[in-house]
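Some notes on the structure that comes next.
The values are calculated or read from the model by the stated rules, or taken from the named source; none is laboratory data. All of these numbers come straight from a predicted model, not from anything done at the bench. As a convention, Cβ positions derive from the backbone with ideal geometry for all residues, glycine included, and neighbour counts pool all protein chains shown. Heavy atoms of the whole protein, side chains included, go into the accessibility calculation; ligands, DNA and RNA do not. Shrake-Rupley method; radii C 1.70, N 1.55, O 1.52, S 1.80 Å.
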Amino acid sequence: MKEKLIKGHSHIKINYERLDSSDLIKKSQNYYELMNKRRSIREFSDQSIPKEVIENIVKTASTAPSGAHKQPWTFCIISNSDIKKKIRDAAEKEEYESYKNRMSDQWLKDLEPIGTDWEKPFLETVPYIIVVFKKIYDEEEGQKKTNYYVNESVGIACGFLISAIHNAGLATLTHTPSPMNFLSEILERPKNERPYLLLPVGYPADECYVPKLDRKPLEKIAKFF
């Protein structure tokens with residue numbers, strides 16, 4: 001592996017295969033078609049999943065870019081049924097309050113086509129839950145170490161994670177009960193970590209239905225200059 005020093009630090013030559021235009025188009029089209037089948041699932045099977053699959057998708061998420069390569073994330077993977085029940089109970093408590101008292105009338109109206117409500121039984125049904133925590137700062141030998149662009153970095157990692165879940169043939173849902181402090185308490189996370197996103201991971205239930213929705217076409221989401 002070829003190396004060189006840049007500003008006193010070792011760098012390695014990237015191993016990159018340049019594809020021709022036809023292969024570029026084919027690969028980009030195939031990936032789009034794969035991801036265009038992705039849907040947010042709220043009805044999960046309890047069928048087990050090999051732990052190695054979960055390990056691989058989390059490792060994929062960890063390849064995301066981050067500010068100054070600080071990698072300011074922790075992925076908590078839960079399969080324990082007692083912990084899943086605690087998470088469900090706490091999440092439903094917050095969601096009930098949100099649906100009954102916190103959400104505006106417009107927000108609730110916008111959610112009607114989705115068919116969601118405060119009840120979250122999938123949090124116990126699904127074989128795995130991944131809770132992503134953002135690390136506001138790191139600690140080394142009692143000293144605080146700054147992390148940069150934390151929200152952006154963790155958001156990108158979550159995008160990688162969702163893509164990896166779908167690519168593996170599984171399904172997920174971006175679940176953000178608010179507030180989410182109960183996750184820190186249940187999972188006993190340190191004070192430098194904040195809950196960012198909860199993702200149930202598993203197979204869709206045999207009788208699983210999703211809203212009949214359309215995605216915005218390219219001309220509505222992109223501007224070429």
- Note on the structure: Excluding ligands, DNA and RNA, the carbon-plus-sulfur percentage of the accessible area of the chain with a 1.4 Å probe reads 49 percent
- Helix-only CD estimate at 222 nm, as mean residue ellipticity for the chain, using -39500 (n - 2.57) per DSSP H run (n ≥ 4): -11000 deg cm²/dmol
- Query: How many times 2.2 N^0.38 Å is the alpha carbon radius of gyration of the range 19-67?
  - Reply: 1.61
- With +1 on each Lys and Arg Cβ and -1 on each Asp and Glu Cβ, and nothing else charged, work out how big the dipole of the range 20-97 is about its Cα centre, in Debye to the nearest 20. 120 debye
- DSSP-loop trypsin sites (Lys or Arg not before Pro) across the range 1-98, with at most 10 other Cβ within 10 angstrom: 2, 7, 13, 18, 37
- In Hz, Karplus ³J(HN,Hα) per residue of the range 108-125 (6.51, -1.76, 1.60; θ = phi - 60°; x = Gly, Pro): 4, 5, 5, 7, 4, x, 7, x, 8, 8, 7, 7, 10, x, 4, 5, 9, 6
- Would you mind getting the accessible area per residue of the range 59-129, heavy atoms of the protein chains only, 1.4 Å probe, in Å²? 58 Å²
- Query: Ordered by residue, what ³J(HN,Hα) values in Hz, to whole numbers, does the range 93-103 give under the Karplus form 6.51 cos²θ - 1.76 cosθ + 1.60, where θ = phi - 60° and Gly and Pro are x?
  - Reply: 4, 5, 5, 4, 5, 5, 5, 8, 10, 9, 6
- Query: Rg/Rh for the range 29-93: what does it come to with C-alpha atoms and Rh from Kirkwood?
  - Reply: 1.03
- Using alpha-carbon positions, the gyration tensor of the range 106-188 gives root eigenvalues a ≥ b ≥ c; with a/c under 1.5 called rounded, otherwise prolate if a/b exceeds b/c, else oblate, the class is prolate
- Mind pulling the per residue volume of the convex hull built on the Cα atoms of the range 136-225? Å³ is fine. 185 Å³
- Message: In whole Hz and in residue order, list the ³J(HN,Hα) couplings for the range 76-84 that follow from phi through the Karplus curve 6.51 cos²θ - 1.76 cosθ + 1.60, θ = phi - 60°; x for Gly and Pro.
- Response: 9, 10, 10, 10, 5, 5, 5, 5, 4
- For the chain, divide the Cα radius of gyration by the Kirkwood radius and give the resulting Rg/Rh value with two decimals. 1.00
- Item | Hull-based mean projected area of the range 186-225, where the convex hull spans the alpha carbons, in square nanometres | 7.1 nm²
- Message: If I take R0 = 25 Å and measure r between the Cβ atoms of residue 225 and residue 29 in this structure, what FRET efficiency does the formula 1/(1 + (r/R0)^6) give, to the nearest 0.05?
- Response: 0.60
- Item | Prolate/oblate/rounded label for the range 1-126 (Cα gyration tensor, a/c 1.5) | prolate
- Message: Can you pull out the GluC sites (Glu not before Pro) in the range 78-179 whose DSSP state is coil and whose Cβ has at most 11 other Cβ atoms within 10 Å?
- Response: 141
